[in-house]
Amino acid sequence: MINGPARFNLYLDQIEKLLTEAGKQPDAALYLYQNGARTPLFMLEGLAKLYSGLHNKKRFEKIEEYFKLLEDGIGAIDYYDGFARQFAADKKVHAKNAKFAEVKAQEKAASLNKLLKEKNWIGKNADRLSKIKDKLREADWLEDKAEMKAIESYYQRSIEKINTFAKTYESGFTDLESQIHELRRKIRWLSIYPQALQGCVQLTTTSSRDKNVKKYLTPDVINSPFNKLPAASSNRYVLTFNRDYFLALSWMISEFGKLKDQGLRFCVLNEAGAVSNNDAASEAAILSRASEITRTYFAEKNLDKMIAGMAKI
């Protein structure tokens with residue numbers, strides 16, 4: 001049986017190896033960024049976020065905070081480094097903007113290196129990970145059936161909150177960060193949890209007869225490796241999702257991701273003092289497109305139809 005501690009331990013072991021090696025490098029932050037530390041940190045942050053809604057709320061919220069700080073630090077490097085590369089390869093973008101993004105990436109790496117030492121992730125006093133493991137050992141873990149029921153309830157509550165958030169902007173989005181990016185973050189967690197939970201979420205094998213959902217089932221979405229969930233393995237109970245609605249969720253995340261990238265480009269250029277009238281027009285187009293697809297997706301109640309129920313293996 002795969003239980004809560006085992007789910008955490010898989011990713012904790014990965015992070016422990018990365019931190020040990022990072023501590024030997026002249027630039028630990030850069031090492032973590034370049035060696036994929038963000039993915040297991042996402043998984044750990046997701047697990048802590050989910051379990052804070054099941055039991056030991058304060059304990060898991062604190063653990064989530066630690067992993068989020070680390071993941072955010074790597075994400076900040078990724079953010080500016082990505083645009084530094086993109087701007088450098090784009091002849092339409094002035095070289096000074098690429099240099100601006102490059103310098104910002106270096107600044108974010110320096111900030112993360114400071115955090116790694118101050119919070120004892122690396123260095124001679126590196127005990128942060130062992131303290132987190134102690135906190136996990138002391139948690140009030142549920143039996144597998146009770147845990148699965150709690151996870152199903154957590155999903156239902158999360159979907160209700162997301163529906164409420166989306167309805168708030170039914171008339172249209174007006175801000176990239178606090179509205180579009182925030183909605184994407186909320187729905188993205190719904191797809192991260194099944195990966196992090198290592199097999200206790202499975203997809204139905206039958207397709208839906210809902211004609212509305214078919215437009216989301218593009219070849220890219222169907223064939224995406226992110227939509228291949230871990231096998232049930234030794235999990236005795238699983239939460240099943242309707243395959244088509246889970247893929248529809250993936251489509252939304254992907255479309256919002258494209259819009260997010262366009263919006264972030266605008267934000268970086270604005271930060272560098274290089275925004276043109278065309279960029280401002282692009283932002284308006286992003287807001288309009290995001291509003292359109294959000295209204296359609298939530299009017300169809302796709303999230304509400306995603307959970308098919310708990311099953312015993």
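The values are calculated or read from the model by the stated rules, or taken from the named source; none is laboratory data. Small disclaimer: the values here were computed from a predicted structure and weren't measured. Virtual Cβ from ideal backbone geometry, glycine too; neighbours counted across all protein chains shown. Side chains included, ligands, DNA and RNA excluded: accessible areas come from the protein's heavy atoms. Shrake-Rupley method; radii C 1.70, N 1.55, O 1.52, S 1.80 Å.
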Residue identified as under 30 Å from Glu283 (Cβ atoms), among the basic types (Lys, Arg) and surrounded by fewer than 19 Cβ atoms within 10 Å (Cβ to Cβ) among Lys211, Lys167
Lys167
Is it the case that Asp304 is touching a Phe, Trp or Tyr at 6+ places or on another chain (Cβ under 9 Å) and either open to solvent by 50 Å² or more (accessible area, probe 1.4 Å) or in a loop (DSSP other than H, G, I, E, B) (or both)?
yes
Could you tell me whether any residue of the stretch 261-273 is touching a helix residue (DSSP H, G or I) at 6+ places or on another chain (Cβ under 6 Å), assigned to a helix (DSSP H, G or I) and within 25 Å of Tyr155 (Cα to Cα)?
no
Looking at Leu303, Leu249, Leu269, Leu264, which is the one that is within 19 Å of the chain's Cα centre (by Cα), farther than 17 Å from Tyr216 by Cα and touching a residue at least 12 places away in the same chain (Cβ under 8 Å)?
Leu264
Counted residues in the stretch 252-261 being open to solvent by 30 Å² or more (accessible area, probe 1.4 Å), closer than 13 Å to Ala285 by Cα and in contact (Cβ under 8 Å) with a residue 12 or more places away in the chain come to 1
Assuming Asp244 fulfils every condition listed in (1) surrounded by fewer than 20 Cβ atoms within 10 Å (Cβ to Cβ); (2) free of Cβ contacts under 8 Å to residues at least 40 places away in the same chain; (3) not hydrophobic (A, V, I, L, M, F, W, C) apart from one, which condition is it?
(1)
Mind listing just one residue for me: the one in the stretch 143-164 that is among the basic types (Lys, Arg) and either surrounded by 12 or more Cβ atoms within 10 Å (Cβ to Cβ) or without any contact (Cβ under 8 Å) to a residue 24 or more places away in the chain (or both) and, of those, nearest to Met310 (Cα to Cα)?
Lys149
